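Working notes for the structure below.
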Amino acid sequence: MGKLDVKAKSPIQVNNHCISCSGNASYIKKAFKLACLTYSSSKVRYQNQDRRRDDLYRERQEIFRETTKLKVEELTEAFHRETERLNMLLEHERLKSKTEVHMSETLR
């Protein structure tokens with residue numbers, strides 16, 4: 001995995017569209033600053049490329065989904081192999097028991 005380098009621009013800024021219609025921008029900024037904040041995904045340097053942070057989050061989610069899918073497939077295959085192995089053992093024991101019963105009846 002590459003190293004992440006965060007660019008200087010802050011990802012959270014005041015949304016000026018939110019306060020422009022009031023006519024009293026300084027009061028609105030003081031009173032409702034938190035309500036008027038907007039998030040803008042910052043760029044990060046990853047593997048020598050400038051990438052959007054939200055794109056990296058999406059890629060990480062996709063990798064997680066694919067990994068989970070592969071794990072489920074692996075576990076399903078392992079379960080089927082183990083089930084087949086147990087079925088063969090049970091069949092072997094059934095035949096062994098049947099043979100023993102037959103031999104004991106023959107020896108009587």
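A short reminder: the numbers here are calculations on the coordinates, not readings from a lab. In this text the structure is predicted, and so the values were computed from the model without any measurement. Positions of Cβ are generated from backbone atoms using ideal geometry, with glycine treated the same way; all protein chains shown enter the neighbour counts.
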Qualifying residue in the range 58-74 (condition: of a type outside the set (A, V, I, L, M) and in contact (Cβ under 8 Å) with a residue 40 or more places away in the chain): no
Those residues of the range 54-92 which are over 21 Å from the mean Cα position of the chain (by Cα) and aromatic (Phe, Trp, Tyr), in sequence order: Phe79
